[in-house]
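The values are calculated or read from the model by the stated rules, or taken from the named source; none is laboratory data. Predicted model, so just to flag it, every value in this text is computed and none were measured. All Cβ positions, even for glycine, are placed from backbone atoms using ideal geometry, and neighbour counts span all protein chains on display. Just the protein is used for accessible areas: all its heavy atoms, side chains included, with ligands, DNA and RNA removed. Shrake-Rupley method; radii C 1.70, N 1.55, O 1.52, S 1.80 Å.
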Amino acid sequence: MSPEQQRNDKIGGQLVKNLKARHFDAYYCSTKQAAAQQIISLIPKTDTVSWGGSLTMETLGIIQRVKDDGWKVIDRDTAQNKEERVELMRRALLCDTYLTGTNAITEDGELVNIDGNGNRTAAMMFGPKSVIIACGMNKVVKSIEDALARARNYAAPVNAQRFDIKTPCKITGACADCKSTESICTYIVRTRLCRPEERIKIVLIGETLGF
């Protein structure tokens with residue numbers, strides 16, 4: 001076992017306890033394979049499933065699996081135009097299980113997320129009966145200040161480049177605290193507790209995943 005894996009396992013185990021103390025349902029999996037199995041086990045076959053943009057969920061193969069293995073899904077990428085896409089995003093707020101990632105988690109169990117349209121952060125806060133968050137241990141930071149810095153200065157520029165969003169950070173790679181109409185940092189949400197209890201389920205993964 002590598003020193004990094006040992007570190008992840010130790011921090012991951014304690015972080016699960018800290019998340020549960022904040023009323024999240026939390027799990028730690030050392031590998032991507034174990035994490036994928038854990039996530040799938042948390043989705044009842046009778047559920048309607050949707051998702052927000054999450055490279056981690058895609059990397060784990062979860063999005064493709066729910067499409068292929070019999071779940072009813074709300075998939076905004078099937079939209080034929082912008083208006084239909086927005087309508088599917090609105091419908092996703094009332095799904096049974098919502099799949100997503102997170103930009104950062106502090107060691108004491110708080111989440112920080114940024115969003116351009118607000119659909120992902122809205123679903124985390126209210127709407128879907130269950131929210132499942134997949135998070136690589138590379139996103140675990142010491143403090144709220146570190147979480148905000150990671151979200152604004154790292155995750156946002158990378159995602160702006162990934163989706164070709166026309167913002168200053170797409171060009172420079174650094175946050176400019178812009179007021180662009182395409183800003184990827186429209187909403188910044190700090191989640192310090194889960195309500196109702198265990199509605200949000202967090203699966204920590206002892207590998208580097210996502211941004």
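Brief remarks on what is shown
- For Lys17, a cut-off of 16 angstrom between C-alpha atoms picks up these lysines, skipping any fewer than 8 places away in its own chain: Lys142, Lys201.
- Net length gained if the chain between Glu197 and Lys72 were fully extended (0.36 nm per residue, minus Cα distance): 42.5 nm
- Ordering 73-83, 193-203 by mean Cβ neighbour count within 10 Å, with the highest value first, yields 193-203, 73-83.
- Full extension of the chain segment joining Glu145 with Gln64 gains 25.7 nm, where the gain is 0.36 nm per residue of separation less the Cα-Cα distance.
- Full extension of the chain between Ile188 and Asp96 gives 30.7 nm of extra length, using 0.36 nm per residue less the Cα-Cα distance.
- Computed across the chain, the Kirkwood radius stands at 17.4 Å (inverse of mean 1/r, all Cα pairs).
- Structure remark: mean-square fluctuation, Gaussian network model of the chain, C-alpha springs under 10 Å; the largest value among Gly52, Gly116, Gly70 belongs to Gly70.
- Neighbour net charge for Arg22 - beta-carbon separation under 15 angstrom, K R +1, D E -1: +1
- Here's the picture: charge each Lys and Arg Cβ at +1 and each Asp and Glu Cβ at -1 in region 44-163, and of Met57, Ala147, Val112 the one pushed furthest to the positive end of that dipole is Met57.
- The eigenvalues of the Cα gyration tensor, multiplied by 5 and square-rooted, give region 105-211 an equivalent ellipsoid with semi-axes of 24, 16, 12 Å from largest to smallest.
- For region 56-177, a Kirkwood hydrodynamic radius built from all Cα pairs, placed in the Stokes-Einstein relation at 4 °C and 1.567 mPa s, yields a translational diffusion coefficient of 82 µm²/s.
- Accessible area of Asp68 in the full protein assembly, 1.4 Å probe (Å², nearest 10): 100 Å²
- Distance between the 7 Å Cα→Cβ label points at Glu83 and Lys10: 5.9 nm.
- Cα centroid separation, region 137-163 to region 62-129: 19 Å.
- Size descriptor for region 21-123, Kirkwood hydrodynamic radius: 14.8 Å (Cα pairs only, one decimal).
- 3J(HN,Hα) along region 106-115, derived from phi through the Karplus expression 6.51 cos²θ - 1.76 cosθ + 1.60 where θ = phi - 60°, amounts to 7, 5, 9, x, 9, 9, 10, 9, 10, 8 Hz, with x in place of Gly and Pro.
- Ranking of Ser41, Ser180, Ser50, Ser2 by solvent-accessible surface, largest first: Ser41, Ser2, Ser180, Ser50 (1.4 Å probe, protein heavy atoms only, all chains present).
- Among Pro44, Pro157, Pro128: highest mean-square fluctuation, GNM of the chain, C-alpha pairs under 10 Å: Pro44
- Low-density loop positions, trypsin sites (Lys or Arg not before Pro), region 83-182 - DSSP coil, at most 13 other Cβ in 10 Å: Lys142, Lys166, Lys179
- The relative contact order of the chain comes to 30 percent, based on Cα pairs under 8 Å that sit 6 or more residues apart.
- Sequence-distant aspartates and glutamates (8 or more away, or on other chains) whose Cα lies within less than 13 Å of Lys45: Asp68, Asp69, Asp96
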